[in-house]
Structures are given as C-alpha cells and as structure tokens.
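Below: the structure, in structure tokens.
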Amino acid sequence: MKPVRKAIIPAAGLGTRFLPATKALAKEMLPIVDTPTIEYIVREAIASGIEDIVVVDGKSKRSIEDHFDSNPELENNLREKNKLELLELVEETTDINMYFIRQSHPKGLGDAILTAKDFIGDEPFVVLLGDDLMQDEVPLTKQLIDRYHETGESTLAVMEVPHEQVSEYGVIDPAAKVKDGLYRVKSFVEKPKPEEAPSDLAIIGRYLLTPEIFEELEKTKPGKGGEIQLTDAIDTLNNRQHVYAHKFTGDRYDIGSKIGFLETNITFGLKHPQVKDELRAYIKELAAKL
Ligand code: UTP
C-alpha cells in the first residue's frame, strides 16, 4: 500500500457568500481571530504527516502564496525588535512544501481536484476544504489516513447532523457498517429532504481518495449548479472500488457561512490567551444591553 503523502487544498472558488470581502482576497485568507483559515487547514495536514501540499488557487489569490512565502523585511524587523515569538510564528509557515496550481475558471470542486492530477500522480491523497475547521485529539486527516490503512480504498469524512438539517448537505446511503464509525457507502444523495434522507451522515470537508478518482473526474459532466462535482465522480468511483465513510465525532466549525464564521471567531476568541478575558467581559456587557 502506497503511503499518503500529498494533500490538495482547493481554494479557487468565488467565495460569493463573503462578497465584497472576497472580491480581491481569497476566502481562505479571512482570519479566525489572528490566523487565516487556510493556515489552520495546512497545520492539520502537516500534523497528520502530509509532506507536500498543493493549493489550487484562482484569480486574485496571490495573498495565499505570499502568506506561505518568506517575508525578509518583516522577519528582519521582528528580529531587530526582539519579537522572537512572532518571528517563530511567521517563519513556521514558510518551511512547508507548498505548491500552487491555477484553476483558470471556477468550474467546480471536481475540476479543481482534476487540475492537480499531475502533481498527485499514482498515489492516494487527501483533500481538505477550507470551509470546515475540525478539532479533535487526533486530527481528522490523520484519522482518515489511519482508516485508509484498514480499507485500502477511498474514505470520506462524514458527521452525524440533526435530521432537519440534512437538506443542507450531501448525505451517504450506507451499504453496511463495517465496524464502529466505519461504513461502506452504497450511494450519495445530494441535499435530500429530511423524509427522503437515507441517513443523517453528512459529508464534511475532508476526503481521502485513490488516484483512480482522476479517471472518473475526466468523465464527469457538469452537474448541480453547472459545476463539475467531486461527489458525482466519487459516486461513479464507487462502481469500481468500494468507497468508505469514516464518522467524525470531534468539533466541526463551519466557516463557509457568515454566521458560522462569526460564531467560530467568537469561540476561538474565547479560547485565545490574549483576548479571552476582555472578549468574555464584552459579550456579558453586550448581552445585558440586548
Ligand atoms: P464552495 O461551494 O464553498 O464555493 O466551494 P465557494 O466559491 O468557495 O464559496 P461560495 O459558496 O461562493 O461562497 C467548496 C470548495 O471548493 C473550492 C472552494 O475554494 C472551496 O474550498 N472550489 C470551488 C474550487 O477550488 N474551484 C471551484 O471551481 C469551485
């Protein structure tokens, strides 16, 4: 079995839910307290043993490349002023093997993954979407890699969501429960009505995929919203290889929506050593006024 060494972070979407902030800035650069969302994602990949990361970016996404590049002027300034903790923080992210590929038109998540085909080659790989921040004792990407060592086949992360919310997600129809927290998937249902949903297990933003997915993506026609959908390609992959689902039970922060983004900023702010006390006092004061 080949090791899982590479990750794709697709970041070429238009980010329409965050306009006008995302007109010139990648959605993935919006910060949670003081850290761009993509940095949390990159750190999850690195903590899971990933060696090479490719970011699929689009127009106006230079800020992501700059963020992971060195900035000698800033670093010298921090060194001269003896701000060594900050220096360490900014230098940490420049040591990672990051690569950037341009998706010329935002034709969908599936197309973004296909753009990285040559970079991945004939190896299993992981996909991390910037819309979801995950926290658990073991990083979710590592959990998927561990599952891959058991299944040897594509394994997606799913999470149990409240039944009335299934229509906001892609949901799996499980063929069989292999063991606690691991399912073999029969099919996928995109945004089902609650009464028609085959389960409450929703696909969340982490995927471990075998390289055969590229052959399926090459054949995938535009689907929902006129976009080439990754789940459509995984559905057809499921006809030739088993696809598994791993149930995540940690904390998920949906930062792809405005409300989720604000809630996550507050939650992370309430844990941040520099601001947590002031923020707590401010929220109390605000709540008393409302
Ligand atoms: P989303 O569905 O969240 O779309 O994409 P979006 O454009 O980022 O955001 P909204 O919905 O318009 O606000 C899911 C992931 O797929 C990437 C996005 O960057 C995001 O990480 N994506 C989407 C691409 O890389 N290319 C695409 O053509 C579409």
Completion exercise
The answer for the net charge of residues other than HIS242 whose Cβ lies under 11 angstrom from its Cβ, with Lys and Arg +1 and Asp and Glu -1, is +2
Exercise for the section: Quick one: what are the phi-derived ³J(HN,Hα) couplings along region 98-111, Karplus 6.51/-1.76/1.60 with θ = phi - 60°, whole Hz, x for glycine and proline? Expected result: 10, 10, 10, 10, 9, 8, 5, 10, x, 8, x, 4, x, 5
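I want the local charge near LEU128. Using Cβ-Cβ distances under 9 Å, sum +1 for each Lys or Arg and -1 for each Asp or Glu among the other residues.
Numbers: positive: ARG206; negative: GLU44, ASP132.
Local net charge: -1.
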Fill in the blank from the handout: Straight-line reach check, LYS6, cutoff 18 Å on alpha carbons, 8 or more apart in-chain or any other chain, hits among lysines -> LYS117, LYS142
Exercise for the section: Go through LYS23/LYS289; LYS179/LYS276; LYS59/LYS177; LYS191/LYS219; LYS83/LYS271 and tell me which ones have a Cα-Cα distance over 31 Å in this structure. Expected result: LYS23/LYS289; LYS179/LYS276; LYS59/LYS177
Exercise for the section: Can you tell me which of 191-197, 45-51, 247-253 comes out highest on packing, and rank the rest after it, using the mean Cβ neighbours within 10 Å? Expected result: 45-51, 247-253, 191-197
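Averaging over all projection directions, find the projected area of the Cα convex hull of region 88-146 and quote it in nm² with one decimal place.
Details: hull surface 23.9 nm².
Projected over every direction and averaged, the Cα hull of region 88-146 covers 6.0 nm².
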Practice task
Rank GLU153, GLU65, GLU44 by mean-square fluctuation in a GNM of the chain with C-alpha springs under 10 angstrom and give only the top-ranked residue.
Solution key: GLU65
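Once you sort the root eigenvalues of the Cα gyration tensor of region 1-80 as a ≥ b ≥ c, which label holds: rounded (a/c under 1.5), prolate (a/b larger than b/c) or oblate (the other case)? Please report the intermediate quantities before stating the final value.
Numbers: a/c = 1.97, a/b = 1.10, b/c = 1.79.
Oblate, since a/c reaches 1.5 and b/c is not below a/b.
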Fill in the blank from the handout: antiparallel share of DSSP beta bridges within the chain, to nearest 5, in %, is 60 percent
Handout entry: Radius of gyration and Dmax over the Cα atoms of region 119-172, both given in Å
Key = 13.3, 40
Practice task
Return the distance in nm (one decimal) between the two label points of a simple spin-label model at PHE119 and LEU286, each offset 7 Å from Cα along Cα→Cβ.
Solution key: 3.6 nm
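From the mean inverse distance of alpha carbon pairs (Kirkwood) and the Cα radius of gyration, derive Rg over Rh for region 183-223. Write down the numbers at each step before the final one.
On the way: Rg = 12.9 Å, Rh = 12.8 Å.
Here Rg/Rh amounts to 1.01.
Restricting to DSSP loop positions (anything but H, G, I, E, B) with no more than 15 other Cβ atoms inside 10 Å of their own Cβ, which chymotrypsin sites (Phe, Trp or Tyr not before Pro) remain in region 84-138? Provide the component values of the computation, followed by the final result.
Details: sites: TYR99, PHE100, PHE119, PHE125; in loops: none.
Loop-located and lightly packed - none at all.
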Problem - Value in Å of the Kirkwood radius, where the chain supplies the Cα pairs that are averaged - result: 20.2 Å
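From the mean inverse distance of alpha carbon pairs (Kirkwood) and the Cα radius of gyration, derive Rg over Rh for region 18-62. Walk me through the numbers before you get to the answer.
Numbers: Rg = 11.9 Å, Rh = 11.6 Å.
Value, to two decimals: 1.02.
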Handout entry: Under 5 Å, built H, 5+ apart or other chain: amide partners of ILE32
Key = THR37
Problem - Largest to smallest principal axis extent of the C-alpha atoms in region 1-148, angstrom - result: 48, 36, 28
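Coordinate-derived values only; no laboratory data. Here the structure is a predicted model, which is why all the values come from computation and not from measurement. For neighbour counting, all protein chains shown are included, and Cβ atoms are generated from backbone atoms with ideal geometry for every residue, glycine included.
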